[in-house]
Each structure stands twice: as structure tokens, then as C-alpha cells.
Amino acid sequence: MSHRNAGRLAGALFLAAFLLYGGGSAFADNPLGLGLMLLNSAAVATIGIAAFRALREAAPRTARVYLAARALEAVLLALGTLFLASGAAVGNDIAYGAAMLVLSAGSIPFCRALATQRWVPRWFAWWGVLGYALLAVGAVLEFAVAGSGVLLAVPGGLFEIAFGLFLLRWGFPEPADRRTPGPVTEAV
């Protein structure tokens, strides 16, 4: 699979993750909902694999960090789903908060690499950095007072939707194209 197509797959999965986890959690009291939530775990792990494949040559350490963060996020979300299936909603809440912290920790350097490599416009990458930083703060606040950090997740969530759409259109650049990335030069 080309890097461009791997990016397009990641973009589709960024968008699908909202439907899978959100839709699944809305129906978490039945097996279909729990199954959707588990599919979300597969989607976020696959995002990590696709990004690793594209970024490993340009920024190997960031690629490994992002892959590890997405894998751990997937495991934590799946664990939370198992807690829900056993009737332990508090366990799911803790696993979800931990997953959002891990996602943020891996996504901040990923977004910085997007800016450094000029794979997206700088402002767009920094929107991701800020969005994930706020997501991390919100996750910590959620551990202290339930419902207190929900608004802080909005900028990161909007970034993921916009980035998913961006990737659907552009994908990740091929190694030969990385000197003059299409979306950056066309956006200027």
C-alpha cells in the first residue's frame, strides 16, 4: 500500500472512530454497541500502523511513539469496553480517561512532526498540538470531577475530524513528494 493510500485509510479511520466509539457507547447495554466499541480499538490501532509506516523514515522516534500511543490507546479502550460489559462503568471511565491521556501524549509530537515535515500547513499542525494538549488537561480534570473536562475535548475532536478529511483528500506524502508537499504549497 502506498503512503498516500495508507494516509487515506487513516483518514477514513479517524472519522470512523467517532461513529464506532460514539455509536457503540450509546448502545453499550447490548452486544452490538460493545462490538462497535471494540471495532474502534481496531481502528485506532490501525491509524497508528498507517502513520508509523509513513513517518518512520522522516521521524523514526516520533513514529514509534505515535504507534505505541495508538496501540496503548486501543488496549485501554478495549479494556474499558470489557469493564462496561461486566457492569463496571467506573472502570470504563478510568480506562477512557487514561486512553485520552496516552493519545494526547503520542499525538502532540506527531502533530509537531507534521509541521516539521511540512505534511500539513503549520497552523493546522499547531491546532492539533493545542487540541491534544487541551484534551490531556480535560482528561486530568475528568479524573477529579466528572464532566469538568468535556469542553476541553472539543478542539482536539474538531482537529481529528478536519485531519481525517484532510487525509482522505491528500493522504500521507510519498517519499519522493516530501520536498514539495501538495497541500502546503497549494494552501499558501
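Of the numbered criteria (1) at pLDDT 95 or above; (2) open to solvent by 30 Å² or more (accessible area, probe 1.4 Å), the one A78 fails is (2). Being open to solvent by 40 Å² or more (accessible area, probe 1.4 Å), within 18 Å of M100 (Cα to Cα), out of contact with any Leu (no Cβ under 6 Å at 6 or more places or on another chain) and among the small types (G, A, S) is a condition met by no residue of region 2-24. The residues listed here are E160, E142; of these, the one that is farther than 23 Å from E57 by Cβ, in a helix (DSSP H, G or I) and at pLDDT below 95 is E142. Scanning region 93-139 for residues that are surrounded by fewer than 17 Cβ atoms within 10 Å (Cβ to Cβ) and either touching a strand residue (DSSP E or B) at 6+ places or on another chain (Cβ under 6 Å) or over 16 Å from L76 (Cα atoms) (or both) yields a count of 7.
The values are calculated or read from the model by the stated rules, or taken from the named source; none is laboratory data. Everything quoted here is computed from the prediction, not taken from an experiment. Cβ sites come from the backbone with ideal geometry, for glycine too, and all protein chains shown count toward neighbours. What goes into the accessible areas is simple: the full protein's heavy atoms, side chains included, and nothing from ligands, DNA or RNA. Shrake-Rupley method; radii C 1.70, N 1.55, O 1.52, S 1.80 Å.
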